[in-house]
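Structure first, then comments.
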Amino acid sequence: MLLSNWRAWKKLGIGLFCAPGSYYAVSMLDFPVSMGGYEFSRNPDEPIIVHMERFPKGDDMNASPREQSKAGRRELYTTSFETIERETRGQLADALMDGGFDPAKDIAAITVNRWGHGYASGYNFKFDPDYQAGDFPHEVGRTRFGRIAIANSDAGAEALLDAALDQAQRAIEELRGIWDR
Ligand SMILES: Cc1cc2nc3c(=O)[nH]c(=O)nc-3n(C[C@H](O)[C@H](O)[C@H](O)COP(=O)(O)OP(=O)(O)OC[C@H]3O[C@@H](n4cnc5c(N)ncnc54)[C@H](O)[C@@H]3O)c2cc1C
């Protein structure tokens, strides 16, 4: 989210707040990092990015981690932007109102990342079947199809950049195997 200023945060003396059980669990001002031509926001009168995180997992707390993960993914893809916008504005307004925050004036733009990769889950051997090497769903799903090899973090069953890089390398190696023949 882009705010036109961060005066309310400054007045309240906070840069981040956690709200367990609320729509967003974490809301934070951007890191003070400058790079290339980009300069971070040094003055509360200047615009700034706010990062808000939600971890949807359904309502059934007794469901297995896999089922909670699926419920979260379903929610990510089915919630309307209108609902997300309302929750976003409402939560920020509630949290920052004592600092004089006005969502109608202070919010300049909202970007929503429905980040499916956040749910590229690994395995929990307490709940998942006892897969043998080569039988794991992510291994079956990344099987080369003719001259098409599958990269990305899902292919490594891990939601991090290093998994995406490792999988890209593996995919290229698979294709190299074809080209070398
Ligand atoms: C907010 C956030 C914070 C993160 N923090 C970290 C972190 O601190 N450390 C870490 O290791 N990882 C972090 N990640 C995760 C990391 O960014 C991902 O794991 C990684 O980017 C996944 O790489 P990928 O190549 O699998 O997919 P992506 O990076 O999602 O690349 C997929 C690409 O495919 C393109 N695409 C989609 N559909 C089509 C189509 N039909 N045609 C053509 N192109 C298409 C997309 O535009 C995109 O460029 C973070 C991610 C987010 C969103």
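Couple of notes before you dig in:
- Those residues of the stretch 150-181 which are away from the ligand (no atom under 11 Å from the Cβ) and within 16 Å of Gly134 (Cα to Cα), in sequence order: Ala157, Arg170, Glu174
- Scanning the stretch 19-28 for residues that are at negative phi and more than 16 Å from the chain's Cα centre (by Cα) yields Ala19, Pro20, Ser22.
- Any hit, the stretch 4-19, residues being in a loop (DSSP other than H, G, I, E, B) and modelled with pLDDT under 95: no
- Residue list for the stretch 137-155, restricted to those being part of a helix (DSSP H, G or I) and in contact with a helix residue (DSSP H, G or I) (Cβ under 8 Å, 6 or more places away or on another chain): His138, Gly141, Ser153, Asp154, Ala155
Residues checked against (1) within 16 Å of the ligand (Cβ to nearest atom); (2) free of Cβ contacts under 8 Å to residues at least 24 places away in the same chain; (3) not in a loop (DSSP other than H, G, I, E, B):
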site	(1), (2), (3)
Glu46	no, no, no
Asp59	no, yes, no
Asn62	no, yes, no
Glu67	no, yes, yes
Arg73	yes, no, yes
Leu76	yes, no, yes
Glu82	no, yes, yes
Glu87	no, no, yes
Ala93	no, yes, yes
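- Summed over the stretch 161-181, the residues that are of a type in the set (S, T, N, Q) and out of contact with any helix residue (DSSP H, G or I) (no Cβ under 8 Å at 6 or more places or on another chain) give a count of 1.
- Within the stretch 95-134, the set of residues being without any contact (Cβ under 8 Å) to a residue 12 or more places away in the chain and surrounded by 14 or more Cβ atoms within 10 Å (Cβ to Cβ) comprises just one member, Tyr131.
- Among the residues listed as Val33, Val26, the single one being of a type in the set (Val, Ile, Thr) and loosely packed, with under 12 Cβ neighbours inside 10 Å: Val33
- Looking across the stretch 95-117, the residues that are within 16 Å of the ligand (Cβ to nearest atom) and either of a type in the set (Phe, Trp, Tyr) or over 14 Å from Leu3 (Cβ atoms) (or both) come down to Val112, Asn113, Arg114, Trp115, Gly116, His117.
- Cross-chain or 6+ apart pairs with Cβ under 7 Å, the stretch 9-38 first and more than 30 Å from Asp60 (Cβ to Cβ) and assigned by TED's automatic domain parsing to the domain that holds Arg54, then of a type in the set (D, E, K, R) and surrounded by fewer than 15 Cβ atoms within 10 Å (Cβ to Cβ): Leu12/Asp98
The values are calculated or read from the model by the stated rules, or taken from the named source; none is laboratory data. Since the structure is predicted, the reported quantities are computational estimates derived from the model, not experimental observations. Note that we place each Cβ from the backbone using ideal geometry, even for glycine, and neighbour counts take in every protein chain shown.
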